[in-house]
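Contents: one structure, followed by commentary.
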Amino acid sequence: MQRIGIRFDKDANMEPHHLTEYAREELELRGAESRFFYSTPYGGGEYEVRDGNVHFPATRKCGCGVWQVSGIPCKHGLRVIYKQRLSPEDFVSGYFKGAAYKQTHAEHMHQMPDPTQFPKYSLPTINPPGIKRSAGRPPKQRKRGAMEAKKRKRHSSVKCGK
């Protein structure tokens, strides 16, 4: 409950167009990785980054698929955005902006009452199902997993002394 209270207090200071901490950190990290790439314009809003991925910054798509999945521009997309001298914050999904953060944490969550304060009902208590013993002799060893290595047996001859 303390974390929820902290987040509730934090969103009071957040502007609707500001990014969340997670999105800001991801942009910084991916921006640092994008410094070593080169982008070449293809025309029609398409760019190729030296890594070999094709990007469409207008439609917010990238060949690697990270941008589409996460909603935050990938390192290839950031290289194209920086080349066009645009702000990367404009290309981040609305889910990572202050307006969505405020909407998420707007409602209060109340703790559940203590079990001693639960209302009493005249219904019978429900117990877990009983354990049934399977038919047949139980196995001596455990069943090994499909990816688990098989147990190797050591083959050696034993010499008995007289």
- Message: When the residues of the range 99-116 are narrowed to those that are at pLDDT below 75 and out of contact with any Lys or Arg (no Cβ under 7 Å at 6 or more places or on another chain), which ends up farthest from Pro16 (Cα to Cα)?
- Response: Met109
- Item | Selected residue (only one of Gly94, Gly77 is surrounded by 14 or more Cβ atoms within 10 Å (Cβ to Cβ) and at pLDDT 85 or above) | Gly77
- Note on the structure: Expected single match for out of contact with any strand residue (DSSP E or B) (no Cβ under 7 Å at 6 or more places or on another chain), over 30 Å from Phe37 (Cβ atoms), touching a residue at least 40 places away in the same chain (Cβ under 8 Å) and surrounded by 10 or more Cβ atoms within 10 Å (Cβ to Cβ) among Tyr82, Tyr101 is Tyr101
- Hits in the range 31-42 (condition: at pLDDT 80 or above and either surrounded by 12 or more Cβ atoms within 10 Å (Cβ to Cβ) or small (Gly, Ala, Ser) (or both)): Gly31, Ala32, Glu33, Ser34, Phe37, Ser39, Pro41
- Query: part of a loop (DSSP other than H, G, I, E, B), over 30 Å from Tyr47 (Cβ atoms) and not aliphatic (A, V, I, L, M) - does that describe any residue in the range 96-106?
  - Reply: yes
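Using the structure shown, decide if Arg152 is under 30 Å from Glu15 (Cβ atoms) and either aromatic (Phe, Trp, Tyr) or part of a loop (DSSP other than H, G, I, E, B) (or both).
No: the conditions fail for Arg152.
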- Message: Suppose we filter the range 52-72 for residues that are outside any loop (DSSP other than H, G, I, E, B), surrounded by fewer than 20 Cβ atoms within 10 Å (Cβ to Cβ) and either at pLDDT 85 or above or out of contact with any Asp or Glu (no Cβ under 8 Å at 6 or more places or on another chain) (or both); how many remain?
- Response: 5
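The values are calculated or read from the model by the stated rules, or taken from the named source; none is laboratory data. The structure presented is a predicted model; accordingly, all values stated were derived computationally and were not measured. Here the Cβ is made from the backbone with ideal geometry for all residues, glycine too, and neighbour counts use every protein chain on show.
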